[in-house]
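The values are calculated or read from the model by the stated rules, or taken from the named source; none is laboratory data. None of the values given here were measured: they were computed from a predicted structure. Virtual Cβ from ideal backbone geometry, glycine too; neighbours counted across all protein chains shown. Areas reflect the complete protein model, heavy atoms only, side chains present, ligands, DNA and RNA absent. Shrake-Rupley method; radii C 1.70, N 1.55, O 1.52, S 1.80 Å.
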Amino acid sequence: MGRLNGKTVLVTGGASGIGRATVELLAREAARVIAADIDAARGRAVAAATGARFQHLDVTSEASWEAAFAGAGRIDALVNAAGIAGEDDGPETCTEIAWRRMLAVNLEGVFLGCKHGVRAMKGSGGAIVNLASVLAHVGSGSEVSYGASKGGVRMISRSTALYCAHRGYAIRCNSVCPGYTSTPMVEDWLARMQDGEEVRRGLIAMHPLGRLGKAQDIAAAILFLVSDDALYVTGTEVVVDGGFLAA
């Protein structure tokens with residue numbers, strides 16, 4: 001019997017990267033997983049491979065969130081893993097359109113997930129896990145809008161945890177802060193650079209364990225937070241960064 005036997009978990013961004021690794025791991029732990037993503041083709045492929053159910057979801061749309069929860073039945077946990085990264089993301093080069101898009105997906109999407117997740121679970125209890133980043137703790141001159149969005153995710157998570165605790169809702173809310181992780185999004189970003197391999201070596205050097213993270217490393221922390229092993233954990237963040245913040 002798996003650690004999540006009998007639990008239903010909705011995972012956003014479930015078509016790729018950390019979201020996909022989370023869908024795969026939670027399904028192996030006997031959860032009923034709803035893999036939600038805006039990419040229907042890839043999302044359905046992940047669902048077919050894992051036994052999950054696919055749900056089309058645009059995390060920036062409140063109507064899309066309402067539809068997702070309306071068709072989900074009882075939800076025991078929500079994982080907000082959907083996110084994007086920016087390019088030319090310095091304070092002088094980030095455009096207004098890019099800034100708004102970053103916050104719409106990475107921050108507003110998490111806010112809407114927490115809003116509707118709390119409404120769905122407040123009667124029965126559950127867990128919410130939001131994907132933040134080490135850049136919610138430290139600055140990066142080349143990732144201004146991304147860092148702002150992830151810093152906001154960290155605080156939304158804490159605020160949601162307190163909101164639920166003060167009202168007697170048995171809902172825990174935490175964030176996970178990965179270091180640089182080898183996902184399709186990061187690999188595509190590196191591939192577009194002329195000096196991508198040099199940048200990769202620089203990123204690896206920032207992590208004392210000597211490698212970039214794997215999506216499965218982050219999924220393991222998410223599994224802990226949605227499981228009953230974390231029943232006394234709320235309002236905090238789990239850092240999974242190979243020592244990045246310790247260096």
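Worth a mention:
- With R₀ set to 35 Å, the beta-carbon distance separating Tyr232 from Val138 gives a calculated FRET efficiency near 0.80.
- Total formal charge among the other residues, if their Cβ is under 14 angstrom from that of Val138, Lys/Arg +1 and Asp/Glu -1: -1
- Ratio of Rg to Rh for region 106-232: 1.04 [Cα atoms; Kirkwood radius as inverse mean 1/r over pairs].
- Dipole of the chain, positive end: most advanced residue of Met206, Ser124, Asn174 [Cβ charges, Cα centre]: Ser124
- Rg/Rh (Cα only; Kirkwood hydrodynamic radius) as it applies to the chain: 0.95
- Using a probe of 1.4 angstrom and keeping all protein chains present, the accessible surface of region 141-197 works out to 47 square angstrom per residue.
- The alpha carbon centroids of region 164-184 and region 18-96 are separated by 15 Å.
- Only lysines eight or more places from Lys7 in sequence, or on another chain, were considered; those with a Cα closer than 24 Å are Lys115, Lys122.
- Of the solvent-accessible surface of region 1-142, computed with a 1.4 Å probe over protein heavy atoms with every protein chain present, carbon and sulfur atoms account for 50 percent.
- What region 7-92 shows is 41 Å² of accessible area per residue, with the surface traced by a 1.4 Å probe over protein heavy atoms.
- Local charge for Arg3 was computed over the other residues whose Cβ lies under 15 Å away, with Lys and Arg +1 and Asp and Glu -1, and equals -2.
- Given a 1.4 Å probe and the protein chains as shown, Glu187 ends up with an accessible area of around 50 Å².
- The helix-only estimate of mean residue ellipticity at 222 nm for the chain, built from DSSP H runs of length n ≥ 4 each weighted as -39500 (n - 2.57), is -13500 deg cm²/dmol after division by the residue total.
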